[in-house]
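Following: one structure in C-alpha cells, then a few remarks.
The values are calculated or read from the model by the stated rules, or taken from the named source; none is laboratory data. Remember, predicted model here, so these are calculated numbers, not experimental data. Glycine gets a Cβ as well: all are built from the backbone with ideal geometry, and neighbour counts include every protein chain shown.
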Amino acid sequence: MSSNFGPPAGFDLMFTIVPILVFLGFVVVIGGMIFAGVKYVRNSSAPQESAYAQVVAKRMDVRHHTNHQNHDNNIGHTSSSSRTYYYITLQFDNGSRKEFLDVKNIYGLVVEGDTGFAATKGEWIVGFERSAG
C-alpha cells in the first residue's frame, strides 16, 4: 500500500505562487493609478490662492523608466524614458515654507531670491508675478 504523503500529483509550487504575485502586482499598479488620479483631482479642484512670497529654492527630480522586451526571435529590446519634475520652494510672510510642483513651466522664469505674488493651487504653483524692485 502506498502512502499519500507529499503534494498531490500535478501540484506545482509555481502555479500557486505566480498567480498570487501577479495579483499583488496588479493591485499595486491599480492602487498607484488610483492614488495618482485622486491626487490630480484634489489639486485641480483646489481653489487658486495668491500670496506674497519669496523663491527660496528650486529643484529637479529626474525619474527614469526602463522597459525590457523579448520577442519571438529571442532578440531583446530595451527602451528607456525619463521625465523631469520641477519644484519651487516658497517662503511666505509668516516664515513658513512650502514646496510646490511647477505645472505651468515657470521654473526657468524665476530665480532663488525673487519676491512677488505666487499663485498656488493645492500642491501646484501655477503662476508667479515678480515684484518690481
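One residue alone among Val62, Val56 is surrounded by 12 or more Cβ atoms within 10 Å (Cβ to Cβ), in the same structural domain as Asp114 (by TED's automatic domain parsing), modelled with pLDDT of 95 or more and not in a helix (DSSP H, G or I), and that residue is Val56.
With the requirement that a residue be more than 17 Å from the chain's Cα centre (by Cα) and either in a loop (DSSP other than H, G, I, E, B) or at pLDDT below 95 (or both), what does the range 81-104 give you?
If the condition is that a residue be more than 17 Å from the chain's Cα centre (by Cα) and either in a loop (DSSP other than H, G, I, E, B) or at pLDDT below 95 (or both), then Asp93, Asn94, Gly95, Ser96 are the ones that fit.
From the set of residues in the range 101-133 that are charged (D, E, K, R) and over 12 Å from Tyr52 (Cβ atoms), which is surrounded by the most Cβ atoms within 10 Å (Cβ to Cβ)? Ranking the candidates gives Asp102 first. If only residues of the range 1-46 that are polar (S, T, N, Q) and outside any loop (DSSP other than H, G, I, E, B) are counted, the one that is modelled with the lowest pLDDT is Thr16.
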